[in-house]
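Encoded as structure tokens, the structure appears first; notes follow it.
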Amino acid sequence: MAGQKVYFVSAGPGDPELLTVKALKILKKSNAGFYAGSLVNPEMLKVIKKGALLIDMKSLNYGEIKEKLENLLKRPPERSTGSSAASAGVHGK
């Protein structure tokens, strides 16, 4: 798990143009995104790194979310970019 990071990013009112610069940077480099499909504007998901694993948590219980996150963190960091793997939880209002 060394080098892996988990970020929690708020989707705010749901307009991708209102994301903070820091939130946008995190989402663009994230290898995975956990989100609540019933709360997050689908347009927000378009800013997440292309090819990232997107996991809709709306039908998952806590145990299932925890298991998916733990399995994701067991993966080795990506070597192609030289940066740590990141996962972002995108939360709506």
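Readers should treat all values here as calculations from the given coordinates under stated rules, not as data from a laboratory. If you're wondering where the values come from, they're calculated on a predicted model, not measured in any experiment. As a convention, Cβ positions derive from the backbone with ideal geometry for all residues, glycine included, and neighbour counts pool all protein chains shown.
Here are the numbers:
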read-out: Computed E for Lys5/Ser59 - FRET, C-beta separation, R0 30 angstrom, nearest 0.05; value: 0.70
read-out: Sites matching trypsin sites (Lys or Arg not before Pro) across segment 24-63 that sit in DSSP coil, with at most 11 neighbouring C-beta atoms within 10 Å; value: Lys46, Lys50, Lys58
